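A.B. asks: What follows is a single structure, and I will ask about it in a moment.
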Amino acid sequence: MDNRMNINWYPGHMKKTKESLQKNLKLIDVVVELLDSRIPFSSKNPDVDNIIKDKPKVVVLNKFDMADPSKIKLWQDYYESQGVKAIPVNTISGKGVDKIIQECREAVREKMEALIKKGRKERAIRLMIVGVPNVGKSTLINKLAGRKSTQTGDRPGVTKGNQWVKLKGNLELLDTPGILWPRFEDENVAMNLAFTRAIKDEILDVETLALRFIEKLEDIYPENLKERYKLEELGQTPLETMEMIGVKRGCLMARKEIDYTRVAKIVLNEFREGKTGKMTLEVPADFEK
């Protein structure tokens, strides 16, 4: 296995972000954890639950339009069993975003009612969004805010420190970086993140990455592979399947040799663009063993 698998993501950065999140938690009513519907486990930072402890949490399963509906349901049931709502959302189209607002309000309803009973004035519900890189955080913030930009602290003359962004539905967002890196000790996690391009393809050379992806699909979505690449049957090995796809797509060089790099890019890009069908690469049972 390529030793670059043991990626050490900016440890100083990570420590600082964690400390910042812990410090800001006391200002927050509810935490929104953003995950990728295609890889809900792999796109989760394992420290989140330790950091937020018993703070109310709403899980957002982004990119649900590219994921397998039956498997999304398994993930919703899994979170439901832990007393957490998991909401499928497409942050680009905005589908499901209003449900996030609704669930955040529901998560802190009792707390807000108690404050009003004590004679306090109703105030905005304060939330924080956390997620690993490239999971759609800024797109979600823009949709919740109903505007194109949430840049608040990068321009000269704009105060640094805590920036609150007003959202729809009397919510306020603490606009922190909120980025927590995934854990790579588990090779499957690293692979899933690379398949979805949550991390750069350089984790392995692109041909090996695509070969591993084909191997995974042969196991969990063989029909999608056959249908997309018009294959009667799959090969005896993932490499053979890759070569069959190369022939079907005309990825041939001189002397009819397969252009493996071209095949690899086609297979990975078509998955990432949702052309291979709706897929979720992991289910709760994979991690409960």
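A.B. asks: Among the residues of region 229-251, which ones are in contact with a helix residue (DSSP H, G or I) (Cβ under 7 Å, 6 or more places away or on another chain) and not in a helix (DSSP H, G or I)?
C.D. replies: TYR229, LYS230, LEU231, LEU234, GLY235, ARG249, CYS251
A.B. asks: Continuing with this model, one more query. For THR261, state whether it is modelled with pLDDT under 95 and of a type in the set (S, T, N, Q).
C.D. replies: So THR261 fails the test.
A.B. asks: Only residues that are among the charged types (D, E, K, R) and either outside any helix (DSSP H, G or I) or at positive phi (or both): list them for region 52-67, please.
C.D. replies: LYS53, ASP54, LYS55, LYS57, LYS63
A.B. asks: Going by the conditions given, is SER70 open to solvent by 70 Å² or more (accessible area, probe 1.4 Å), in a loop (DSSP other than H, G, I, E, B) and either out of contact with any strand residue (DSSP E or B) (no Cβ under 8 Å at 6 or more places or on another chain) or not hydroxyl-bearing (Ser, Thr, Tyr) (or both)?
C.D. replies: For SER70, the condition - open to solvent by 70 Å² or more (accessible area, probe 1.4 Å), in a loop (DSSP other than H, G, I, E, B) and either out of contact with any strand residue (DSSP E or B) (no Cβ under 8 Å at 6 or more places or on another chain) or not hydroxyl-bearing (Ser, Thr, Tyr) (or both) - is not met.
A.B. asks: Right, next: Name the residue, out of GLU240, GLU223, GLU257, GLU232, that is open to solvent by less than 80 Å² (accessible area, probe 1.4 Å) and acidic (Asp, Glu).
C.D. replies: Unique residue meeting the criteria: GLU240.
A.B. asks: Turning to a different aspect of this structure: So the check is Cβ under 6 Å with 6+ separation or different chains; which pairs have a first residue in region 226-255 that's closer than 17 Å to PHE213 by Cβ and a second one that's aromatic (Phe, Trp, Tyr)?
C.D. replies: Taking only residues 6 or more apart or on different chains, the pairs are ILE245/TYR229; LYS248/TYR229.
A.B. asks: Taking the residues in region 161-177 that are modelled with pLDDT of 90 or more and among the charged types (D, E, K, R) as candidates, determine which candidate is most open to solvent (accessible area, probe 1.4 Å).
C.D. replies: Looking at residues that are modelled with pLDDT of 90 or more and among the charged types (D, E, K, R), I get LYS166.
A.B. asks: Something else now. Within region 183-214, work out how many residues are open to solvent by 10 Å² or more (accessible area, probe 1.4 Å), under 13 Å from the mean Cα position of the chain (by Cα) and either on the phi > 0 side of the Ramachandran plot or polar (S, T, N, Q) (or both).
C.D. replies: Qualifying residue count for the region: 2.
A.B. asks: Of all residues in region 86-101, how many are open to solvent by less than 10 Å² (accessible area, probe 1.4 Å) and of a type in the set (S, T, N, Q)?
C.D. replies: Within region 86-101, residues that are open to solvent by less than 10 Å² (accessible area, probe 1.4 Å) and of a type in the set (S, T, N, Q) number 1.
The values are calculated or read from the model by the stated rules, or taken from the named source; none is laboratory data. Since this is a predicted model, take the numbers as computed values, not measurements. We place every Cβ from the backbone using ideal geometry, glycine too, and count neighbours over all the protein chains shown. Just so you know, the surface numbers come from the protein's heavy atoms only, side chains and all, with ligands and any DNA or RNA stripped out. Shrake-Rupley method; radii C 1.70, N 1.55, O 1.52, S 1.80 Å.
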